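The next block holds one structure in the form of structure tokens; read it before the comments.
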Amino acid sequence: MGIKRLLVFITVLFLQESDAFSQEFIQTKRLDSLSVFFKFGSYEVQNPQRLIARCSRIKATSGKIKITSYTDTIGSQKSNQKLAAKRLNSVSKILRSTSLSSFAIDSINKNEQRDLKKKLNDSTFRRVDIVIYSVENKFKLNSPINLDINFVSETDKIVPESSENLKILLSIIRGDSTLNVQLNGHVCCRPGQELSEKRALAVKKYLVSNGIKSNRIECKGFSNSIPLFPRTDIQNVHKNMRVEVIFTKPKTN
């Protein structure tokens, strides 16, 4: 197998594993899609009530919304980049005023990117595409879950291989505004209470930097008191250097 084919195979395998891992904890379903069109050079939504009405039909209580902004190629790329961002912001503000205000919003600025088979300055590119998904959690509340968030030995630095799993965790929390999370830090081999706490805080820092409110996250350290693998298991002992997650919901009266 050539180098290029091998790299493609590894990439596809990694994406398949990540997708399967994600599906183990969350299930998404496409509920609706629509496009909002703009006048030349404008970022004002012409008929916001239409968008609000479409959102009101959706009965799901938690989910995510993907919004993608495009422009024509008239003007500089820099100015169109800013225009696309303003269009995203206009649509996002309206979505935040609807019954779907708790849904996570994923904004993508594609600016002048488009299907080159069409006319470059076609007015259909002056738009924002909206896709709405429901998100159903498939995990148990109040039980530790190992999302394979691991660390470099003796540090609170998250290994690169865990980056996709961090995104999954972020997606779960974003998709349900009623969820809180407890992060449990662990170390391997010898006691390290402070390091286990720092590892939990490292994951919290990632979540907060991506828009999750700090008061939804609790951090605890367990030193080396709860290993997944014995020290004699050389191949897997590094997996003890981890942060596990417990999802909780506030008690209602």
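The values are calculated or read from the model by the stated rules, or taken from the named source; none is laboratory data. Keep in mind it's a predicted model, so treat the numbers as computed, not measured. FYI the Cβ positions are ideal-geometry reconstructions off the backbone, even for glycines, and counts take in every protein chain you see.
Below, the figures for the structure above:
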item	result
Region 184-210 residues that are farther than 18 Å from Pro144 by Cα and free of Cβ contacts under 8 Å to residues at least 24 places away in the same chain, paired with ones that are polar (S, T, N, Q) and not in a loop (DSSP other than H, G, I, E, B) (beta carbon under 8 Å, 6 or more apart)	Val208/Ser214
Subset tally (residues that are surrounded by 17 or more Cβ atoms within 10 Å (Cβ to Cβ) and either aliphatic (A, V, I, L, M) or closer than 19 Å to Ser143 by Cα (or both)) for region 238-253	8
Neighbours by Cβ (under 8 Å, 6+ apart or cross-chain): first from region 215-230, farther than 14 Å from Val245 by Cα and in contact (Cβ under 8 Å) with a residue 12 or more places away in the chain; second outside any strand (DSSP E or B) and of a type in the set (Ser, Thr, Tyr)	Ser223/Ser196; Asn224/Ser196
Residue count, region 141-171 (criterion: basic (Lys, Arg) and either free of Cβ contacts under 8 Å to residues at least 24 places away in the same chain or closer than 30 Å to Ala85 by Cα (or both))	1
Filter result (farther than 16 Å from Cys219 by Cβ and over 15 Å from the mean Cα position of the chain (by Cα)) within region 169-187	Thr178
Filtered residues of region 207-219 (kept if out of contact with any Ser or Thr (no Cβ under 6 Å at 6 or more places or on another chain), at negative phi and either surrounded by fewer than 17 Cβ atoms within 10 Å (Cβ to Cβ) or not assigned by TED's automatic domain parsing to the domain that holds Phe151 (or both))	Ser209, Asn210, Lys213, Ser214, Asn215, Glu218
Among residues of region 134-157, those that are buried (at least 20 other Cβ atoms within 10 Å of the Cβ) and not acidic (Asp, Glu), counted	5
Where Asp106 falls short, out of the listed (1) surrounded by fewer than 18 Cβ atoms within 10 Å (Cβ to Cβ); (2) farther than 28 Å from Lys138 by Cα	(2)
Residue in region 33-63 that is farthest from Ser101 (Cα to Cα), counting only those that are modelled with pLDDT under 90 and surrounded by 13 or more Cβ atoms within 10 Å (Cβ to Cβ)	Ala60
Qualifying positions in region 64-80 - out of contact with any Phe, Trp or Tyr (no Cβ under 8 Å at 6 or more places or on another chain) and either exposed (fewer than 15 other Cβ atoms within 10 Å of the Cβ) or not assigned by TED's automatic domain parsing to the domain that holds Leu34 (or both)	Gly75, Ser76, Gln77, Lys78, Ser79
